[in-house]
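Worksheet: one structure, shown below.
The values are calculated or read from the model by the stated rules, or taken from the named source; none is laboratory data. As the structure is a computational prediction, the values presented were derived from the model and not from experiment. Cβ coordinates were reconstructed from backbone atoms using ideal geometry, including for glycine residues, and neighbour counts include every protein chain displayed. Just the protein is used for accessible areas: all its heavy atoms, side chains included, with ligands, DNA and RNA removed. Shrake-Rupley method; radii C 1.70, N 1.55, O 1.52, S 1.80 Å.
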Amino acid sequence: MTIDELKSKKVAVLGFGHEGQALVRYFSKHGIPVSVHDAKKHSEINATQSKMVSEYKLQTHFGENYLDNLSEMEVVFKSPGINLSDQFKNTLREKEIFLTSQTAWFFKHCPSKIIGITGTKGKGTTSSLLFEMLTAGNLSNKVYLTGNIGKESPLDFLDQTTSDDFIVFELSSFQLEGLEQSPNIGICLMVTEDHLDYHPSLDLYHQAKQSITKFQGTDDIAIYNIDYPASKSIGVLGKGQKFEISKSKAISLGARIDLQTEQIIITTNSNAVKIDVKNRIIRGKHNLENIAAASLAATILGVSNEVITQTIQNFSGLPHRLELTGEFDGIKFYDDSIATNPDTALAGLAAFSEPVTLLLGGANKGLDYTNLISKISQCENLKAVVCFGQVGELLYSALNDSGFQKSLEGPFLNFDEAVKSAISVSTKGDVVLLSPAATSFDMFNSYSERGDAFKQLVKNHYAQS
């Protein structure tokens with residue numbers, strides 16, 4: 001379906017968040033009227049949304065019955081994260097209503113080479129680092145960074161893209177689910193357990209990510225981390241040429257991570273190069289996997305070893321990802337609020353050799369914390385655990401029942417109190433780490449809001465002391 005064909009259709013935008021607003025802007029630019037459907041009541045929308053309703057003269061369906069009028073539409077653009085029942089999807093199909101998304105539309109109509117990046121965690125870091133490498137590489141191409149990272153909506157620049165451009169596109173499971181086209185280069189990082197409050201099972205969560213490689217042709221490329229079984233099973237799909245990443249296994253094509261020398265050995269069809277990453281700013285051995293993926297993709301696309309190395313050395317990481325937020329009274333404070341599941345929290349903890357006070361907790365999305373409890377109980381440099389929120393209550397009880405030997409604080413139902421407790425049990429030379437292993441939605445609107453609150457609470461504490 002072309003943009004001109006869409007002009008004769010009844011078009012609905014389902015969801016009025018970041019992507020829904022981008023769709024409204026895009027369709028308005030092309031003279032296509034749309035109706036907007038969102039579960040929020042009209043009184044709950046923000047100032048930006050309210051202004052758009054007025055400016056674009058939108059027909060809106062807000063509140064509890066927001067889905068009722070969709071049967072009158074011909075094309076429905078669904079925002080990621082809106083979980084439609086199978087029964088409702090079948091109803092749309094029976095009425096021959098075309099269900100699609102912003103991502104699907106962009107993939108179909110963008111002439112540029114798309115590098116799609118997915119994984120349970122690491123997507124934002126890898127996407128941003130690859131964007132910096134390609135930009136610094138001076139390959140005579142315009143480079144865009146978009147997708148789940150939220151920097152710029154893909155529809156805001158779709159009309160300007162050319163076949164010479166590169167699109168670095170961070171993709172969540174929500175954006176990949178139902179997608180029937182894969183990126184030209186599909187990168188699958190670590191895939192473990194997450195979003196079980198949305199996906200009915202772990203298998204279905206993994207299946208949602210399969211579009212990163214599933215529909216690739218022989219001219220495409222798949223890059224995937226074989227140290228994670230789910231990532232490997234996704235990477236081998238499709239007909240793209242396969243490049244593997246591993247820190248423990250021998251590979252023929254791809255990137256091998258040498259943890260002892262902190263080098264990445266990249267082998268492609270044309271040559272083999274070594275990239276020294278000892279002088280990087282971003283902490284954590286898990287970030288070597290992200291660096292390896294970005295470096296491998298950049299090498300394949302023609303960026304020099306020198307540019308890749310220099311970019312790695314200059315890259316300071318993203319906010320809320322093992323971000324050093326300050327040092328007070330000899331205590332270093334790190335914001336790793338992006339760590340919303342057990343595996344990424346453990347990766348954050350493993351980045352430190354100093355004594356660590358670990359802040360754990362948040363909203364419960366049905367994850368299994370058995371391994372987290374076992375691992376932190378064995379962690380020699382873990383000094384204290386401070387529990388907060390819904391998950392904090394569960395972890396406090398489980399750790400207490402298991403005979404946890406380190407200091408155990410909480411559970412706190414107030415985040416302010418949790419941060420104060422973490423400061424009080426820490427001394428000079430310690431690290432206070434917010435790596436919560438849970439989402440933020442019991443207390444905050446997002447992981448970034450939680451991270452910002454952590455930073456501010458720490459600053460306020462020392463400003464008053």
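Things to note:
- The residue 402 and residue 46 beta-carbon pair, evaluated with R₀ = 45 Å, returns a calculated FRET efficiency of approximately 0.55.
- Once both labels are positioned 7 Å from their Cα atoms along Cα-to-Cβ, the gap between residue 271 and residue 463 label points is 5.2 nm.
- Beta bridges from DSSP with both residues in the chain: antiparallel share about 20 percent, rounded to the nearest 5.
- Amide H contacts for residue 412 (H built 1.01 Å from N in the peptide plane; partners 5 or more residues away or on another chain; cut-off under 5 Å): 387, 388, 389.
- Cβ-based charge dipole, the chain, positive-most Cα from 53, 82, 347: 347
- Considering helices alone, the calculated mean residue ellipticity of the chain at 222 nm is -10000 deg cm²/dmol, with DSSP H runs of length four and up weighted by -39500 (n - 2.57) and normalised per residue.
- Measuring against 32 Å, Cα to Cα, the residue pairs 375/428; 151/383; 142/274 contain 151/383 as the ones spanning a longer distance.
- Heavy-atom accessible area per residue - the chain, 1.4 Å, Å²: 43 Å²
- Residues listed by number, the stretch 50-79, amide nitrogen under 14 Å from residue 28 label point at 7 Å toward C-beta: 50-60
- A simple spin-label model places pseudo-atoms 7 Å from Cα toward Cβ; at residue 253 and residue 316 they are separated by 3.9 nm.
- Spin-label model, residue 377/residue 95: points 7 Å from Cα along the beta carbon direction are separated by 5.3 nm.
- For the stretch 211-357, the residue among 217, 320, 295 whose Cα projects farthest onto the positive side of the dipole built from Cβ charges is 217.
- In plain terms, the chain from residue 10 to residue 83 could stretch by 24.1 nm, reckoned as 0.36 nm per residue minus the Cα-Cα distance.
- Rounded FRET efficiency, nearest 0.05, which uses the C-beta distance separating residue 427 from residue 57 and R0 of 60 Å: 0.50
- Using a probe radius of 1.4 angstrom, the carbon and sulfur fraction of the accessible surface of the chain is 46%.
- About its Cα centre, the dipole of the stretch 240-369 is roughly 420 debye, where the only charges are +1 on Lys and Arg Cβ and -1 on Asp and Glu Cβ.
- As a rough guide to protection, the peptides 287-293, 338-344 ranked by mean Cβ packing within 10 Å, highest first, stand as 287-293, 338-344.
- Area accessible to solvent at residue 1, 1.4 Å probe radius, in Å²: 70 Å²
- Separation between Cα centres of the stretch 320-351 and the stretch 218-286, rounded to whole Å: 25 Å
- Straight-line cross-link reach from residue 214 at under 16 Å between alpha-carbon atoms covers these lysines, not counting any fewer than eight positions away in the same chain: 108, 232, 239, 242.
- Taking packing as the residue-averaged number of other Cβ atoms within 10 angstrom, the listed peptides 402-411, 2-11 run from highest to lowest as 402-411, 2-11.
- Dipole of the chain computed with +1 at Lys/Arg Cβ and -1 at Asp/Glu Cβ about the Cα centre; of 140, 465, 431, farthest Cα towards the positive end is 140.
- By average C-beta atoms within 10 angstrom, highest first, the peptides 61-67, 415-421: 415-421, 61-67
- Modelled label reach - residue 18, point 7 Å along Cα→Cβ, the stretch 81-112 residues with backbone N closer than 18 Å: 81-83, 101-107
- Residue 64-residue 449 FRET efficiency (beta carbon distance; Förster radius 22 Å; 0.05 resolution): 0.25
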